[in-house]
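Student: Quick one: the structure is below, questions incoming.
Throughout, read-outs are computed from the coordinates displayed, never taken from laboratory work. As the structure is a computational prediction, the values presented were derived from the model and not from experiment. With ideal geometry, Cβ positions are generated from the backbone for all residues, glycine too; neighbour counts draw on all protein chains shown.
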Amino acid sequence: MGKKVTIRDIARLAGVSVTTVSQILNGKGARFSKKTQHRVLKLRDQYGYVPDFNARSLILQKSSSMIGVLVPDISSPFFGTFVKGVQQVAQHEKMVPLIFSANRDPKLEQEYLSQMIARSIDGLIIASATMTTDTISRLIGSREIPYILFDKNYAQHGTRVLTDDYRGGTLAAQHLVNLGHQRVIALKPRQQSENFTQRMKGFYDTLIKNKVNFDQKRDVIVASLSRPGGYAATAAVLASGATAVFAGNDDMAIGLLRGLTERKIRVPDRLSIIGYDDIYMDEYVSPRLTTIHQPILDLGIQSAKMLLSKIHDDHSSEQIRRFPVKLVIRQSTGQPRQN
Ligand code: RIB
């Protein structure tokens with residue numbers, strides 16, 4: 001290598017980030033495997049790399065570490081707000097967040113993840129309904145890039161941020177029972193991730209516990225997890241004869257609300273709707289949407305903070321942060337109309 005070897009060269013050759021090289025060469029690399037530390041030190045000696053403190057501080061200042069954020073759909077208000085939380089922390093910590101939205105396509109998710117890893121990023125936040133920790137570990141290989149799993153799959157190990165979906169489903173069902181609804185249906189996505197399974201289970205179990213005549217085969221309508229999905233389910237919802245609907249997320253609820261409004265079906269007089277997430281749009285539809293609140297911005301903030309603590313000083317023990325949910329009653333639910 002003719003030109004002066006830089007810290008970037010060492011990072012590229014070692015297959016790690018600039019931050020990793022810097023930490024190892026400054027004696028702060030204890031959290032990395034002996035293999036990684038040895039590889040970096042061997043390259044330093046092989047190429048006679050000597051830190052140029054002016055360039056080094058310039059590179060580290062300029063390079064400001066990068067974190068990769070992989071979400072299913074950035075156009076969803078939920079993930080848009082989640083990413084906003086991540087960006088707030090990244091900006092404060094002078095880190096560059098690379099945001100990838102894979103439109104819930106597993107192949108694209110893996111492609112984006114490989115691209116991020118190839119760019120020696122310092123850490124990853126992965127919100128994927130399908131990607132397993134085995135796939136992530138295979139893609140990361142020996143690079144030891146720390147990552148945080150968000151939201152989706154309980155079954156996986158690894159540090160992750162969760163909300164109490166089972167309790168959220170319970171709160172939604174109890175609210176409809178307390179209003180006196182006995183004919184209730186639910187909207188859910190075809191491919192449901194672990195957190196959705198827990199959410200719907202909490203809902204079903206609570207209806208059964210309250211002796212509501214609810215049959216999962218008869219009273220669950222499958223729709224895409226989106227506003228068009230909720231809108232497309234309007235006819236099936238009306239054909240069910242239900243007096244209340246639990247939509248698995250607010251996007252579906254808002255799509256259904258449009259379908260009912262177009263058919264001049266009054267909400268909640270003729271049909272109550274409760275959603276899930278508490279996205280910012282809930283206050284701007286009419287009637288305003290009753291829902292289950294997830295602390296979305298804080299989920300993004302805490303995911304980023306947990307990742308930074310793993311990048312700067314990894315606590316190898318697995319961490320799980322679980323956030324509470326709460327019922328937010330607005331105008332889209334009411335007592336069933338007495339026929
Ligand atoms: O609206 C997006 C949904 O995907 C949210 O309910 C969130 O929990 C994630 O599962």
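Student: Rounding to the nearest 10 and keeping the result within 0 to 90°, find how far the Cα-based axis of helix 77-92 lies from the longest principal axis of the chain.
Tutor: For 77-92 against the chain, the angle is about 30 degrees.
Student: Order these peptides, 297-305, 27-35, 41-49, by their mean beta-carbon neighbour count within 10 angstrom, highest first.
Tutor: Top to bottom by mean Cβ count within 10 Å: 297-305, 41-49, 27-35.
Student: Next question. Please list the non-local residues whose amide H lies under 5 Å from the amide H of residue 98, H modeled 1.01 Å from N, same-chain partners needing a gap of 5 or more.
Tutor: Distant-sequence amide H within range of residue 98: 67, 68, 69.
Student: While we're here: Magnitude of the Cβ-charge dipole of the chain, K/R +1 and D/E -1, about the Cα centre, nearest 20 debye?
Tutor: For the chain, the charge dipole is close to 300 debye.
Student: Provide the packing ranking of 78-89, 95-106, 183-194, 268-279, i.e. peptides ordered by the mean count of other C-beta atoms within 10 Å per residue, highest first.
Tutor: Those peptides, ordered most packed to least, come out 268-279, 78-89, 183-194, 95-106.
Student: Would you mind checking the tilt of helix 53-63 against the longest principal axis of the Cα atoms of the chain, expressed as 0 to 90 degrees and rounded to 10?
Tutor: Taking Cα atoms only, the helix is inclined about 20 degrees.
Student: Let me ask another. Can you tell me the relative contact order of the chain? Whole percent, Cα pairs under 8 Å, sequence separation 6 or more.
Tutor: Computed over the chain, the figure is 18 percent.
Student: Same structure again: Treating the angle as unsigned and between 0 and 90°, give the value, to the nearest 10°, between the Cα long axis of helix 165-179 and the longest Cα principal axis of the chain.
Tutor: 20
Student: Whole-Hz Karplus ³J(HN,Hα) for the range 253-266, in order, using 6.51 cos²θ - 1.76 cosθ + 1.60 and θ = phi - 60°, x for Gly and Pro?
Tutor: 4, 5, x, 5, 4, 5, x, 6, 4, 4, 9, 6, 8, 7
Student: To continue, here is another question. Amide H neighbours of residue 160 under 5 Å, counting only residues 5+ apart in sequence or on other chains, H built in-plane at 1.01 Å?
Tutor: Residues meeting the amide H criterion: 149, 319, 320, 321.
Student: Here is a follow-up. Indicate, rounded to the nearest 5 percent, the antiparallel portion of the DSSP beta bridges found entirely in the chain.
Tutor: That works out to approximately 10 percent antiparallel.
Student: For residue 46 and residue 84, calculate 0.36 nm times their separation in residues minus their Cα-Cα distance, and state this gained length in nm to one decimal.
Tutor: Extra length from residue 46 to residue 84 when fully extended: 9.4 nm.
Student: With viscosity set to 0.890 mPa s and temperature to 25 °C, compute the Stokes-Einstein D of the range 165-294, Rh being the Kirkwood radius across alpha carbon pairs; µm²/s, no decimals.
Tutor: The calculation lands on 174 µm²/s.
Student: Starting from the Cα of residue 142, step 7 Å along the direction of its Cβ; do the same at residue 215; then give the gap between the two resulting points in nm.
Tutor: Computed distance between label sites residue 142 and residue 215 equals 6.0 nm.
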